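Right, one structure below, let's go through it.
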Amino acid sequence: MRTYVNDCSVQFINGDGIKLLSEISENIPEDSIICIFHTHVANQMSIETKQQLLQIVKDIGKKRDICHLYNNIQDKYLHLDYYFDGIESQNTIAETDGHGRWFKWLA
């Protein structure tokens, strides 16, 4: 059984989020699901950086439950990839405007 806490405190960390992601995830309580969300920022990443991010999420997913909600890594669609109990699920869930003005759920 999971316990939910309504703690809305935010901690800002200076640095490269992709390079820090593994370390940050180690400091998140084991009974929590790690959630990563980003959209248009992926357009500013090189192909190598995008691949590195996806690999880090996959590596974390081998050990922890993690959700990754994003667009603009491989296309303009909204994706929800997650790993629960080490099992990967990749889902395309919506069509999006690149700047987030609209989205359309996919059936």
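So, in the stretch 28-51, exactly how many residues are closer than 15 Å to residue 81 by Cα and either surrounded by 15 or more Cβ atoms within 10 Å (Cβ to Cβ) or out of contact with any Leu (no Cβ under 9 Å at 6 or more places or on another chain) (or both)?
Applying the first criterion (closer than 15 Å to residue 81 by Cα) to the stretch 28-51 yields 33-39, 50-51.
Subsequent filtering for residues that are either surrounded by 15 or more Cβ atoms within 10 Å (Cβ to Cβ) or out of contact with any Leu (no Cβ under 9 Å at 6 or more places or on another chain) (or both) retains 33-34, 36, 38-39, 50-51.
So the count comes out to 7.
Here is a check on your reading of the model: is residue 47 in contact with a His (Cβ under 6 Å, 6 or more places away or on another chain) and either free of Cβ contacts under 8 Å to residues at least 24 places away in the same chain or not charged (D, E, K, R) (or both)? Show your work before the answer.
On the way: in contact with a His (Cβ under 6 Å, 6 or more places away or on another chain): no; either free of Cβ contacts under 8 Å to residues at least 24 places away in the same chain or not charged (D, E, K, R) (or both): yes.
No; evaluated as a whole, the condition is false for this residue.
For the stretch 91-99, the criterion of being at pLDDT 95 or above, among the hydroxyl-bearing types (Ser, Thr, Tyr) and under 14 Å from residue 34 (Cα atoms) is satisfied by no residue at all.
The values are calculated or read from the model by the stated rules, or taken from the named source; none is laboratory data. Given the structure is predicted, the values throughout are model-derived calculations rather than measurements. Reconstructed Cβ throughout: ideal geometry from the backbone, glycine too, with neighbour counts over all protein chains shown.
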